[in-house]
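Engineer: Sharing a structure below in structure tokens format, with a few things to ask.
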Amino acid sequence: MEGTMQTQPPSDPGGQGSDGRVDSKSRYDWKDITEEFMSSASALQMGELLHDTNFGLFEAMSAIEMMDPKMDAGMMCNQIQRKVLTFDSALESGAIKIKDLSIPELIGIMDTSLACLVTWLEGHSLAQTVFTNLFLHNPYMIDDKCLKAFSILMLKLVDHIRDRVNRAGVFEEEDFQSLTYGFKMAADVTDARATGMMKEVEDDLNRIIKMTRSKVGEERDAQTEQEHEITNALFSRVKFFRLFLMGLLSFSKEKCEGIPQAQKLICQLLELLPIIRDTICMGIQPDNKEVGKNDYPTIMGFEPLVNQRLLPPTFPRYTVIRSREEALGHIEGLLYRLQIVTTVPELTTFHIIMEAFQEFSKSSPCVLSRSILQLTLLPVNKRVFGVHTMVDFLKDTIRNFIAPPVLSQKSALYNNSQAKQYVDAWFVQVVRPFTALVQITGHNRARQRDKWAHILEDLSALQEEADKVDACLHQMLTKMEPNRQHIACLGNWVLYHTLQAMISYLLAGFELELYATYEYHYVYWYLYEMLYSWLINTLHRADNFLLENETMAGEK
Amino acid sequence: MAGEVVEKKDTDKDASEGKKKLSSWLNKSMKVKMTDGRTLIGVFLCTDRERNVILGGCEEYLKPLEGNEKEEPRILGLAMIPGHHIVSISIDKSQLQDSEFQ
């Protein structure tokens, strides 16, 4: 863990030349052909291209044009004039310190790091946000206990968030950029060790706070009081970040076992926020330099352009880092949303879950809370809340909805092996589209409409299968129990969800402002006359079926 | 009469020689120096009469490469250099096989 571990992507100098120089171009043997080339090119006709058979205009179209300021980010006019610092060059020149940092410096660094984290969560690249913090490039070299612990924790935090959002898979390129550009994320430090390091710093700071606390009967002098305030400000931050990582980790515990702990931690985090907000001013602030192309004023340790060469070659992209106050506002919103997520394991049926998830989506939540919501319901092992199989869960839901005889223990059909075969085979087909239904609600609002449209195909295929199975089961059932029916039980249930998807599709069109005003009444009519009335019919049929079953069960 | 035919054949011959040379350089590594001092190295894929050059898998070096220093290039991918911004062009000799142009 000690030592000069380089966190930046390794350079690739190419092979060693025969003369032993580590020359990037030693693997080539250059011959100047400028004159020949120029004269040979005159042999071409106007507009004629010389190329290989595998390469043509279609491929040529996607080439970036050099020396065009809009496309060539590396052009001199797009480059800034001052020297860009790396961790090593900044350390050498004294632009950054790795020991004896003052508390205002630490506070400033932490607040700015949080602002960078929030900017990343809003969809920008790590290279232009979190990794503009030079201390994260080489955290093991830092001597200052607090800064070292904080830097390592930051890397673990980013790594964990990346993992969660990637696994949930409910983001698009505008929501989130997970590319890490080869940066090392302190993988050899365990989560426990990282939080342990922060706890040690917390304990040290706590001692100072206790010493400088106002005691009964004693007057504190101004200096002690100041020391108390500023140490408390730092302490609150160290504790906040430690609990924040712990909170996110507790969501990923198996079978939702970490949810109660998450609830406690979120409460504690919300209590710490006001102190942090009130003490932002105590951190070092950036100078009032002028803002240039991607070059904004910042504090020690942050270099906006340090990762420019890692960015893909496109038009020049500039990222504006959120202010420290705005970042805290975003985090507060995130914590409230995560509180809602902790109530999800209490939901019982698929229908209730769909309603809850749709409701959650209406507030346009951030990509992290959406991802954690999805993973709480369907973690990596694909079991609902980590416990029930999707099939069992859906069987329960259908039982609640319409009590099909094939799924109720009292019916003879339940134990019939042929019937079981049909039904189980059908349920295997059900899992994918219904998992997709939940995932659609996890995407950002603008992307959902398209996905509703796509799922209708899968649902209609499922409906056909359901009708076939229903018909078979009905035949079988009437032979065994002449009074009971199995007409369209499963089909009715699928229809219910298909109608919901169609309604969501139409309503999303309003939100996205896709309809012209004169088209509104077409949509209203279709919803009223068709979709909602069919939906109500479906629910009535289901209710009636449930009633019939109850009466029959009562008669038996 | 005879003279005319010979001339025509000559210009044709020149034209096809030029094209042959250019074709022999296709898909080889090429180094292009631009007017602003940057050097690009990539696979030569396409050109035209205006000497616009397209390089594939292109790397950009900010400083000229003759020194001992290793510089880390920026990876550009597919890049087109307008002919009027080209100062010099070099080809990788080691990739040319049985070439009369070596």
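The values are calculated or read from the model by the stated rules, or taken from the named source; none is laboratory data. Computed from a predicted model, the values in this text were never measured in an experiment. Methodologically, a virtual Cβ is constructed for each residue, glycine included, from the backbone with ideal geometry; neighbour enumeration extends over all protein chains shown. Note: accessible area is taken over every heavy atom of the protein model, side chains too, but ligands, DNA and RNA are not part of it. Shrake-Rupley method; radii C 1.70, N 1.55, O 1.52, S 1.80 Å.
Engineer: Of A:L394, A:I455, A:H51, which is farthest towards the positive pole of chain A's charge dipole, taken about the Cα centre with +1 and -1 on the beta-carbons of Lys, Arg and Asp, Glu respectively?
Structural biologist: A:L394
Engineer: Right, another one. Please compare each pair in A:K148/A:K382; A:K31/B:K63; A:K156/A:K210 to a cut-off of 27 Å on the Cα-Cα distance and tell me which ones are over it.
Structural biologist: Too far apart for the 27 Å limit: A:K148/A:K382; A:K156/A:K210.
Engineer: Kindly compute the accessible surface that chains A and B hide from a 1.4 Å probe when together, both sides summed, and give it to the nearest 100 Å².
Structural biologist: Rounded to the nearest hundred, the buried surface is 5000 Å².
Engineer: A further question follows. What net charge is computed for the residues neighbouring A:R370, neighbours being all others with C-beta under 10 Å from the C-beta of A:R370, Lys and Arg scored +1, Asp and Glu -1?
Structural biologist: Taking every other residue near A:R370 into account, the sum is 0.
Engineer: Separate question: What number comes out for accessible area per residue over chain A if the probe is 1.4 Å? Units Å², please.
Structural biologist: 49
Engineer: Right, next: Using a cut-off of 16 Å between alpha-carbon atoms, which aspartates and glutamates can reach A:K253, once sequence neighbours fewer than 8 places away in the same chain are excluded?
Structural biologist: Of all the aspartates and glutamates, those that pass the test against A:K253 - Cα under 16 Å, at least 8 places apart if same chain - are A:D163, A:D191.
Engineer: Given the DSSP H assignment, sum -39500 (n - 2.57) over each helix run of at least 4 residues in chain A and divide by its residue total; what's the result at 222 nm in deg cm²/dmol, nearest 500?
Structural biologist: Here the helix-only value at 222 nm equals -18500 deg cm²/dmol.
Engineer: When a/c reaches 1.5 or more, the comparison of a/b and b/c decides; with that in mind, is segment A:389-555 rounded, prolate or oblate per its Cα gyration tensor?
Structural biologist: Taking the square roots of the gyration eigenvalues as a ≥ b ≥ c, segment A:389-555 is prolate.
Engineer: Roughly speaking, what is the centre-to-centre gap between segment A:270-284 and segment A:54-68 when only Cα atoms are used, to the nearest Å?
Structural biologist: Their Cα centres are 51 Å away from one another.
Engineer: A further question follows. Counting just the Cα atoms, what span does segment A:338-455 cover along each of its three principal axes? Round to the nearest Å and put the largest first.
Structural biologist: Principal extents (Cα only, largest first): 49, 30, 25 Å.
Engineer: Could I ask something else about it? Tell me which chymotrypsin sites (Phe, Trp or Tyr not before Pro) from segment A:141-192 have a DSSP coil assignment and no more than 14 other beta carbons within 10 Å of their own.
Structural biologist: In loop regions of segment A:141-192 (DSSP not H, G, I, E or B), the sparsely surrounded chymotrypsin sites (Phe, Trp or Tyr not before Pro) are A:Y181.
Engineer: Give me the net charge for the shell around A:S89: Cβ to Cβ below 12 angstrom, other residues only, Lys and Arg +1, Asp and Glu -1.
Structural biologist: Neighbour charge sum, excluding A:S89 itself: -2.
Engineer: A further question follows. If you take the square roots of the eigenvalues of the alpha-carbon gyration tensor of segment B:27-100 and sort them as a ≥ b ≥ c, do you get rounded (a/c under 1.5), prolate (a/b over b/c) or oblate?
Structural biologist: Taking the square roots of the gyration eigenvalues as a ≥ b ≥ c, segment B:27-100 is oblate.
Engineer: Stokes-Einstein D for the protein assembly as shown at 10 °C, 1.306 mPa s, Kirkwood Rh over Cα pairs, in µm²/s?
Structural biologist: 52
Engineer: Taking the Cα centre of segment A:233-335 as origin, sum charge times position over the Cβ atoms of Lys and Arg (+1) and Asp and Glu (-1), and report the length of that vector in debye to the nearest 20.
Structural biologist: It comes to approximately 260 debye.
Engineer: Continuing with the same structure: Pop out the ³J(HN,Hα) list for segment A:176-181 in order, Karplus 6.51 cos²θ - 1.76 cosθ + 1.60 with θ = phi - 60°, rounded to Hz; leave Gly and Pro as x.
Structural biologist: 7, 10, 9, 4, 9, 6
Engineer: With the crude spin-label approximation of a point 7 Å out along Cα→Cβ, what separation in nm comes out for A:E325 versus A:M38?
Structural biologist: With each label placed 7 Å out from Cα toward Cβ, I get 6.1 nm.
Engineer: Another question, if that's okay. Would you work out which of B:W25, A:N492, A:Q374 lies farthest towards the positive end of the dipole of the protein assembly as shown, given +1 charges on the beta-carbon of Lys and Arg and -1 on that of Asp and Glu, about the Cα centre?
Structural biologist: Positive-end residue among those listed: A:N492.
Engineer: If you add up the charges near A:Q429, with Lys and Arg at +1 and Asp and Glu at -1, over every other residue whose beta carbon is less than 12 angstrom from its beta carbon, what do you get?
Structural biologist: Combined, the nearby Lys, Arg, Asp and Glu give -2.
Engineer: For segment A:481-556, what D do you get in µm² per second when you plug the Kirkwood radius from alpha-carbon pairs into Stokes-Einstein at 4 °C and 1.567 mPa s?
Structural biologist: Translational D for this selection: 89 µm²/s.
Engineer: If you place +1 on the Cβ of every Lys and Arg and -1 on the Cβ of every Asp and Glu, how big does the dipole about the Cα centre of chain A come out, in debye to the nearest 20?
Structural biologist: Computed charge dipole of chain A: roughly 1560 debye.
Engineer: Follow-up question, since we're still on this one. Over what distance in Å are the Cα centres of segment A:78-119 and segment A:137-202 separated?
Structural biologist: For segment A:78-119 versus segment A:137-202, the Cα centre distance is 17 Å.
Engineer: Moving to a separate point now. Report the one residue of B:T39, A:V306, A:G258 whose Cα lies farthest in the direction of the positive end of the charge dipole of the protein assembly as shown (charges on C-beta: Lys and Arg +1, Asp and Glu -1; origin at the Cα centre).
Structural biologist: A:G258
Engineer: Test of the criteria: in segment A:484-530, which GluC sites (Glu not before Pro) are in a DSSP loop and have at most 10 other Cβ atoms within 10 angstrom of their Cβ?
Structural biologist: Passing both the DSSP loop test and the Cβ count: A:E513.
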